[in-house]
């Protein structure tokens, strides 16, 4: 991790389906919109500047929102759950590392 930044891992361990995680804020205020699609037993991560960040997990018509104040040098683990609705929760370090060990890094491939 780069000095002066924090990192978040978003883990999806559910047995079926997929979730979308979004972050959105006015660009004029310095925020960037991000949309990621996570599949079962996959994860993605972001290196983030310290300060407040907002996460949204969506499944069909339901959303789960989570706000997090990121500190430099810290790692955060978020878990996406999906059943009848979306759920996004912050895990402690031990749970996060265990979940991460069960997953693969999500990769992006451009389709031609």
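The residues listed here are 10, 20; of these, the one that is surrounded by 14 or more Cβ atoms within 10 Å (Cβ to Cβ), outside any loop (DSSP other than H, G, I, E, B), in contact with a strand residue (DSSP E or B) (Cβ under 7 Å, 6 or more places away or on another chain) and modelled with pLDDT under 75 is 20. The set of residues from the stretch 57-81 being free of Cβ contacts under 8 Å to residues at least 60 places away in the same chain, over 14 Å from residue 9 (Cα atoms) and touching a strand residue (DSSP E or B) at 6+ places or on another chain (Cβ under 9 Å) comprises 58, 59, 60, 62, 63, 64, 65, 67, 69. Do the conditions hold for residue 38, that is, is it at pLDDT below 75 and surrounded by fewer than 14 Cβ atoms within 10 Å (Cβ to Cβ)? Against the criterion (at pLDDT below 75 and surrounded by fewer than 14 Cβ atoms within 10 Å (Cβ to Cβ)), residue 38 does not qualify. Of everything in the stretch 63-90 that's part of a strand (DSSP E or B) and exposed (fewer than 13 other Cβ atoms within 10 Å of the Cβ), which residue is modelled with the highest pLDDT? Among those residues, the one meeting the criterion is 69.
Look at (1) at pLDDT 90 or above; (2) more than 15 Å from the chain's Cα centre (by Cα) and you find that residue 109 fails only one, number (1).
The values are calculated or read from the model by the stated rules, or taken from the named source; none is laboratory data. Everything numeric here is computed off the predicted structure, so don't read it as measured data. Every residue, glycine among them, receives a Cβ derived from its backbone with ideal geometry; neighbour counts consider all protein chains shown.
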